[in-house]
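Note sheet for the following structure.
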Amino acid sequence: MPPYAYPMTVDDDDDDDDTPELTHAGVKRRIAELEDDLERARHGAVKARSEAAVHKNMGRAMRRVVSFFDSPRNLVAEDDRRARIEGGLEDADDDEGFDHLSYDRLHRGFKALTKFIPVVNDKLNDDEFTSEKLHDFYKHITAGGNAARGDDAGKLKTSVVGWIAELFCVPVPPIDHDSKLERGLDHDATGALLCPAEFDWTYESVRTKIRNAHPDFLVTADRWPSFLYEKISEIDPENLDQGLFKGKMMLKGFTSIYNCPSSAREIVADDDVGNPEQINEDEPPKKKRKKEKTTTRSSVAVLIGLDAVTPRALAYTAVQVRFALSNVGSWRDSDGDFDYVDFYNNIVDYFEVPAGPVTAAANQDLLDWWTMRVLKPVNARRRPGQARNHASASVSKLAAQRAAKELVAVARAGAVAE
């Protein structure tokens, strides 16, 4: 035995005999622990994916009715800033030099966010909802909104070609349904719809100046495009309010996005023509469409809780229609001199920042007109109480009339008895 070796004892022999069993049991316990950890991790991952999917689905309302361009984080940050000022934690004087119109628009966007995605309030008021989770929540809401924006853009890219032929004229040359290269101001049909309202597209000299980007004929977001108007041929440059936001391309775009694509076919042409030079006099009259079967699938408006047309829904529609008519293939915030962010904000401010009570009343009348025109079936499904109230009016009136007859009959019977 080496001098440094310990002598073997009986106890040592016993320990050596037990070691394999103890080691085996320990390994089994460790495996069980690892399996439990793996299961918990798997369950957590599944739960996280499930929550992400739910939040992305909620986020599909983000661009459509909350804000086309702002992030949910920025909307919440503006509400937080105002809360700090109200609580005395921040000096309101620090706002000097700020663009208050933009900040007010952001705050109205926050209110729309909490209205159409109410879970936002729950997350913000949950003390256990960490900043990391909040970051992921914002990311999923944004992803859902951007996905919906892309879906709508793809839908309208194809649809607007048929709408032009249906409402105005058969485009010459024909417009490709799948490619946007031939659209925009270079094509007479789409150019007539993109042309600013104060210019007369029927004049060749005007078309030339617009296409050559003449300084006096720039197509910018500060000029309302003609497709926003009810009757393009009757646009009055001295009364640009008349017919604004009643254009049939807008109506078709809205119903296609918020109801269903087939509902856009119910918007038909009238005697108005966008570009008289392109009318095909020999074209036979269109056959009346057969009434299509109604679908039981819930519309986008129902899914996102839109029971009345809002300024931001109209602005979203206008941006999507304008983009579909352009020759820009992939989404970007500008098209030459035309800035989509400014365009969207101009429409939102038109409704949300009226000049006074008269303008505010006119804006509300216009929104009510839109709601009755495009969301009336939705309202009938979502708000049956209103229908019951209307029905109960005549029911109550009839009941009162019958009660009156009973009183008269009783009075007569009493008179005869006397």
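Per-structure values
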{"item": "Answer residue from segment 142-160, given it is closer than 26 Å to V76 by Cβ and charged (D, E, K, R) and is surrounded by the fewest Cβ atoms within 10 Å (Cβ to Cβ) among those", "result": "D151"}
{"item": "Qualifying residue in segment 118-136 (condition: surrounded by 16 or more Cβ atoms within 10 Å (Cβ to Cβ) and either within 28 Å of G253 (Cα to Cα) or hydrophobic (A, V, I, L, M, F, W, C) (or both))", "result": "yes"}
{"item": "Only one of Y203, Y258 that is on the phi < 0 side of the Ramachandran plot, among the hydroxyl-bearing types (S, T, Y), without any contact (Cβ under 8 Å) to a residue 12 or more places away in the chain and in the same structural domain as A362 (by TED's automatic domain parsing)", "result": "Y203"}
{"item": "Close pairs from segment 332-356: first in the same structural domain as R223 (by TED's automatic domain parsing), partner in a helix (DSSP H, G or I) and at pLDDT below 95, Cβ under 6 Å, at least 6 apart", "result": "none"}
{"item": "E166, sole failed condition from (1) modelled with pLDDT of 95 or more; (2) out of contact with any Pro (no Cβ under 6 Å at 6 or more places or on another chain); (3) buried (at least 16 other Cβ atoms within 10 Å of the Cβ)", "result": "(1)"}
{"item": "Residue, nearest to I304 (Cα to Cα), within segment 109-132, restricted to residues that are more than 15 Å from the chain's Cα centre (by Cα) and in contact (Cβ under 8 Å) with a residue 12 or more places away in the chain", "result": "V119"}
{"item": "Test: V219 is in the same structural domain as L306 (by TED's automatic domain parsing) and modelled with pLDDT of 95 or more", "result": "yes"}
{"item": "Any chance A77 is modelled with pLDDT under 95 and of a type outside the set (D, E)", "result": "no"}
{"item": "Single unsatisfied condition, N125 versus (1) of a type in the set (S, T, N, Q); (2) within 30 Å of Y258 (Cα to Cα); (3) modelled with pLDDT under 95", "result": "(2)"}
{"item": "Any pair with Cβ under 6 angstrom, 6 or more apart, that starts in segment 304-322 at a residue that is under 15 Å from V353 (Cα atoms) and surrounded by 24 or more Cβ atoms within 10 Å (Cβ to Cβ) and ends at one that is of a type in the set (F, W, Y) and at pLDDT 95 or above", "result": "A315/Y344"}
{"item": "Those helices (runs of 4 or more DSSP H) lying entirely in segment 318-418 with at least 2 residues at pLDDT 95 or above", "result": "340-352, 357-374"}
{"item": "When residues of segment 59-73 are limited to those that are within 15 Å of R312 (Cβ to Cβ) and assigned to a helix (DSSP H, G or I), the one nearest to the chain's Cα centre (by Cα)", "result": "R64"}
{"item": "Residue match in segment 198-220 (condition: within 19 Å of N327 (Cβ to Cβ), surrounded by fewer than 17 Cβ atoms within 10 Å (Cβ to Cβ) and under 25 Å from the mean Cα position of the chain (by Cα))", "result": "yes"}
{"item": "A213 being within 17 Å of P171 (Cβ to Cβ) and not hydroxyl-bearing (S, T, Y)", "result": "no"}
{"item": "Answer from G191, G184, G243 - the residue that is more than 25 Å from D333 (Cβ to Cβ), buried (at least 17 other Cβ atoms within 10 Å of the Cβ) and not acidic (D, E)", "result": "G243"}
{"item": "Residue check for L156: touching a Phe, Trp or Tyr at 6+ places or on another chain (Cβ under 8 Å) and of a type in the set (A, V, I, L, M, F, W, C)", "result": "yes"}
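The values are calculated or read from the model by the stated rules, or taken from the named source; none is laboratory data. All values derive from a computational prediction rather than experimental measurement. All Cβ positions, glycine included, derive from the backbone under ideal geometry; neighbour counts span all protein chains shown.
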